[in-house]
Amino acid sequence: MSDQTNPEHSKASTNPATQIRRQNRRMLLHALRVRGSLSRAELARATGLTPQAVANIISDLIAGGLVRETGRRKAPRGQPPIAIEIAGDGGYAIGIRIDDTHYHAVVADLSGSLIEMIDGPVTAKSESDWLDFIANIHAGFTARFGVDRCLGLGLVTPGPFDVTWPGVPSPGAVPALQSRAVADALTALTGVDIFIENDATASALGEKLYGEAGDIDDFFYIFVGEGVGGGIVIGGEPYRGLRGNAGEFGHFIIDPAGPSCYCGNRGCLGQYLSLRAMRAFLAKAEAAGEETEAATKRWIEQAAEALSIALASVENLLDPEMVIIGGAVPPAFLKELIAELGDLRPSVCQAQGRKRLRMSALGERSAALGASALPILAATTAANGLEDGPASH
Ligand SMILES: [Zn+2]
């Protein structure tokens with residue numbers, strides 16, 4: 001397999017012992033991220049790891065500058081325990097979400113706290129324009145926050161990556177950035193590790209770290225924008241598939257006799273539920289003399305019906321604890337869509353007897369936040385290269 005076509009984590013070791021150490025390390029860091037500060041004994045209880053394993057991992061993490069001791073706590077008797085916390089100032093990461101009209105860029109520190117957020121329109125056309133645009137954002141941030149402390153840059157865009165469909169480009173996608181090879185070119189320009197991800201998977205990660213899914217390990221994220229994408233989290237980890245294209249929700253076939261899709265199939269979900277589909281629907285209705293309000297209502301009804309059909313398949317495939325819907329659309333729009341959906345179709349998830357679909361509270365920021373999480377997770381998982389080296393592309 002060529003590294004060019006693989007998700008960035010494909011270089012990670014497949015050695016079972018190394019994988020277990022990584023997993024244990026991530027559990028500890030997750031506990032610290034969620035709970036703030038904990039003693040070694042509390043960490044052992046929170047994670048189920050042995051005190052010896054906790055002690056070993058913590059000493060590695062301290063050596064790597066990722067966590068620090070914050071002094072002794074008061075205790076009723078005996079030696080008071082030393083509290084451990086993530087060293088937020090141990091580094092920062094840049095996350096950028098780009099589509100063909102706008103960008104959002106964030107800076108987050110190692111503890112995941114948001115330090116800075118900017119956004120605006122994009123005007124780049126050629127591939128070199130795009131690379132310069134991204135390198136300029138990087139240069140602006142590193143000038144302010146320091147070159148040495150930058151853990152890397154997560155770049156997320158609408159997918160799919162390294163796929164040629166007859167009618168490319170995908171709605172909202174930037175063709176120049178739809179190849180994972182962009183990572184190497186950007187590393188050459190910026191000197192930092194670049195992490196490429198599709199925006200729906202990154203949004204799912206954003207929800208896991210900052211949003212609705214903090215304590216949820218199995219969920220599906222629906223990204224509604226110019227097109228529709230999906231992000232899968234299984235066992236607390238994003239599931240990427242071979243080329244980073246897992247969860248291409250917008251190409252679930254709803255009606256094989258439906259309208260042609262640029263992918264070559266007919267009746268894909270994105271032909272019913274997407275901003276592009278909405279504009280096409282409303283333009284046609286307007287041409288036929290229909291009132292915009294009535295046409296919008298009709299559009300919401302058919303988009304909700306298509307989503308309901310696709311959702312049943314997702315739930316039956318993944319048996320998720322919840323499905324979260326968000327993306328680059330106004331919250332009011334999502335609320336209306338969810339209201340129109342009403343009761344979901346039967347699936348294996350009906351047994352859980354509670355809300356199966358939730359709306360993202362992060363809105364458009366989720367993808368950029370998820371992008372910034374990519375270098376942070378790589379750093380906090382591989383402990384600054386103590387084991388496997390950077391897991392970047
Ligand atoms: Zn399609």
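The values are calculated or read from the model by the stated rules, or taken from the named source; none is laboratory data. Not measured: the values here are computed from a predicted model. Glycine gets a Cβ as well: all are built from the backbone with ideal geometry, and neighbour counts include every protein chain shown. Accessible surface is based on the protein model in full, side chains and every heavy atom, while ligands, DNA and RNA are left aside. Shrake-Rupley method; radii C 1.70, N 1.55, O 1.52, S 1.80 Å.
Looking only at segment 333-356, which residues are closer than 21 Å to Met278 by Cβ and open to solvent by less than 70 Å² (accessible area, probe 1.4 Å)?
Step one: list which residues in segment 333-356 are closer than 21 Å to Met278 by Cβ, which gives 333-342.
Passing the criteria: Phe333, Leu334, Leu337, Ile338, Leu341, Gly342.
Exactly one condition in (1) touching a Cys at 6+ places or on another chain (Cβ under 7 Å); (2) modelled with pLDDT of 90 or more; (3) of a type in the set (Phe, Trp, Tyr) is false for Phe145; which is it?
(1)
Can you tell me which residue within segment 21-52, out of those that are closer than 23 Å to Ala108 by Cβ and among the basic types (Lys, Arg), is surrounded by the fewest Cβ atoms within 10 Å (Cβ to Cβ)?
Arg35
Which of the following residues is more than 16 Å from the ligand (Cβ to nearest atom), under 30 Å from Asn265 (Cα atoms), open to solvent by 20 Å² or more (accessible area, probe 1.4 Å) and charged (D, E, K, R): Glu116, Glu127?
Details: Glu116 fails: under 30 Å from Asn265 (Cα atoms).
Every option except Glu127 fails the conditions.
Would you confirm whether any residue within segment 330-342 is within 18 Å of Gly211 (Cα to Cα), modelled with pLDDT under 90 and touching a Leu at 6+ places or on another chain (Cβ under 8 Å)?
no
Is there a residue being in a helix (DSSP H, G or I), in contact with a Ser or Thr (Cβ under 7 Å, 6 or more places away or on another chain) and either modelled with pLDDT under 95 or open to solvent by 40 Å² or more (accessible area, probe 1.4 Å) (or both) anywhere in segment 74-93?
Yes; the residues of segment 74-93 include at least one that is in a helix (DSSP H, G or I), in contact with a Ser or Thr (Cβ under 7 Å, 6 or more places away or on another chain) and either modelled with pLDDT under 95 or open to solvent by 40 Å² or more (accessible area, probe 1.4 Å) (or both).
Would you point out the residue of segment 241-261, among those that are in contact with a Phe, Trp or Tyr (Cβ under 8 Å, 6 or more places away or on another chain) and more than 21 Å from Glu305 (Cα to Cα), that is nearest to the ligand (Cβ to nearest atom)?
Among those residues, the one meeting the criterion is Asn245.
Please verify whether segment 277-290 includes one or more residues that are within 14 Å of the ligand (Cβ to nearest atom), outside any loop (DSSP other than H, G, I, E, B) and open to solvent by 10 Å² or more (accessible area, probe 1.4 Å).
Within segment 277-290, one or more residues are within 14 Å of the ligand (Cβ to nearest atom), outside any loop (DSSP other than H, G, I, E, B) and open to solvent by 10 Å² or more (accessible area, probe 1.4 Å).
Given the residues Ala213, Ala188, which is the only one that is at pLDDT 90 or above and of a type in the set (Gly, Ala, Ser)?
None of the others qualify; the one that does is Ala188.
Could you give every pair whose Cβ atoms fall below 6 Å, whose first residue belongs to segment 155-174 and is in a loop (DSSP other than H, G, I, E, B), and whose second residue is open to solvent by 60 Å² or more (accessible area, probe 1.4 Å), counting only separations of at least 6 or pairs across chains?
Phe161/Arg243; Asp162/Arg243; Pro169/Pro175; Pro171/Arg276; Gly172/Asp100; Val174/Asp100
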